[in-house]
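These notes are about the structure you will find just below.
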Amino acid sequence: MSYELIDVSIEAKVAILRIDRPRALNALCDQLVDEMTDALDGLESNPDVSALILTGGDEVFAAGADLKEMTGKTFVEVVAQNFSGCCHRLAKFELPVIAAVAGYALGGGCELVEMCDIVIAAESAKFGHPEISVGTMPGAGGTQRLPLAIGKHKAMDLLLSGRMMDAKEAELAGLVSRIVPREELLETARSVAQTVASYSRPVLKLLKQSILQAHAIPLSEGLAFERKLFQMTFGFDDRKEGMEAFIEKRKPRFLNR
């Protein structure tokens, strides 16, 4: 896959998608969002991919939507395009996504982080939603996923004031999984992704699907949904292999079926 504004690579069942528009602070223009969407479609259907790392630059993860491009859009245009200012395709990616964040993740960039499943942040990372300061608001989940991650009052503080929080505050709030030195960021994300990718691909999909239901449906329905998916794993060769390997004290050889 060859793109102008992103880089995509695959190694050992782990795909790395890097946002690469440094001259515009990795702003999410229409072309970049289209490229990300196309890449995600291809990676999700690729049987050699079991986990994805999403990352950006050393100084900026993604500075949000491209305001120069957005300024000329009209109400009719954004409705017709179902425009959100971000790549909402990421939220529907079926496999685990690990964000590796250094520098600024703002607006749509922060929404990308909120769509990810595990967030590894460098000590330099900063998160925020400054949309209010330019007369608009999040359009790709910032008012929905952020409160689920960090709670109503913390989210209100960030969204209504437009202020940023650093990596330490984000970890304490629940948006960040762990903080590492900048020089260890990608190595740590790759290690986490390789561990995840070593497991059964179909079970990873079911597990992610079940976890995402936790906030979407009542607990009683969630428990029934979880049990149904758990029972489905008993039809997988990988479930049998995993349990037999444990009993035989050897490493499982998952075949992703």
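Computed quantities for the displayed model
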quantity	calculated
Residues (farther than 25 Å from R163 by Cβ and in contact with a Leu (Cβ under 8 Å, 6 or more places away or on another chain)) located in the range 79-116	R89, F93, L95, P96, V97, I98
Residue within the range 28-41 that is within 19 Å of the chain's Cα centre (by Cα), part of a strand (DSSP E or B), in contact (Cβ under 8 Å) with a residue 12 or more places away in the chain and within 23 Å of A122 (Cβ to Cβ) present	yes
Selection within the range 185-221 - over 22 Å from the mean Cα position of the chain (by Cα) and in contact (Cβ under 8 Å) with a residue 12 or more places away in the chain	none
Answer from G235, G242 - the residue that is crowded, with 16+ Cβ neighbours inside 10 Å, outside the structural domain of K13 (by TED's automatic domain parsing) and either within 19 Å of V49 (Cα to Cα) or not hydroxyl-bearing (S, T, Y) (or both)	G242
Those residues of the range 117-130 which are touching a residue at least 40 places away in the same chain (Cβ under 8 Å), crowded, with 24+ Cβ neighbours inside 10 Å and either β-branched (V, I, T) or not in a strand (DSSP E or B) (or both), in sequence order	V119, I120, A125
Residue in the range 119-127 that is farther than 27 Å from D66 by Cβ and either of a type in the set (V, I, T) or at pLDDT 95 or above (or both) present	yes
Any pair with Cβ under 7 angstrom, 6 or more apart, that starts in the range 1-27 at a residue that is in the same structural domain as E59 (by TED's automatic domain parsing) and over 18 Å from I53 (Cβ atoms) and ends at one that is modelled with pLDDT under 95 and part of a loop (DSSP other than H, G, I, E, B)	A24/D66; L25/A63; A27/A63; A27/G64; A27/D66
Selection from the range 91-112 of residues that are under 9 Å from the mean Cα position of the chain (by Cα), assigned to a helix (DSSP H, G or I) and more than 17 Å from D20 (Cα to Cα)	A91, E111
Condition broken by L186, with the remaining ones in (1) closer than 18 Å to L112 by Cα; (2) assigned by TED's automatic domain parsing to the domain that holds K228; (3) not β-branched (V, I, T) satisfied	(2)
Test for I53: is it under 28 Å from E183 (Cβ atoms), under 16 Å from the mean Cα position of the chain (by Cα), at pLDDT 95 or above and assigned to a strand (DSSP E or B)	yes
The range 135-167, subset in a helix (DSSP H, G or I) and in contact with a strand residue (DSSP E or B) (Cβ under 7 Å, 6 or more places away or on another chain), residue nearest to V78 (Cα to Cα)	L158
Only listed residue being surrounded by 20 or more Cβ atoms within 10 Å (Cβ to Cβ) and not assigned by TED's automatic domain parsing to the domain that holds H215, chosen from G162, G135, G142	G142
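The values are calculated or read from the model by the stated rules, or taken from the named source; none is laboratory data. Note that the structure is a prediction, hence the values are computed from the model and not measured. Cβ atoms come from the backbone with ideal geometry, glycine included; neighbour counts cover every protein chain shown.
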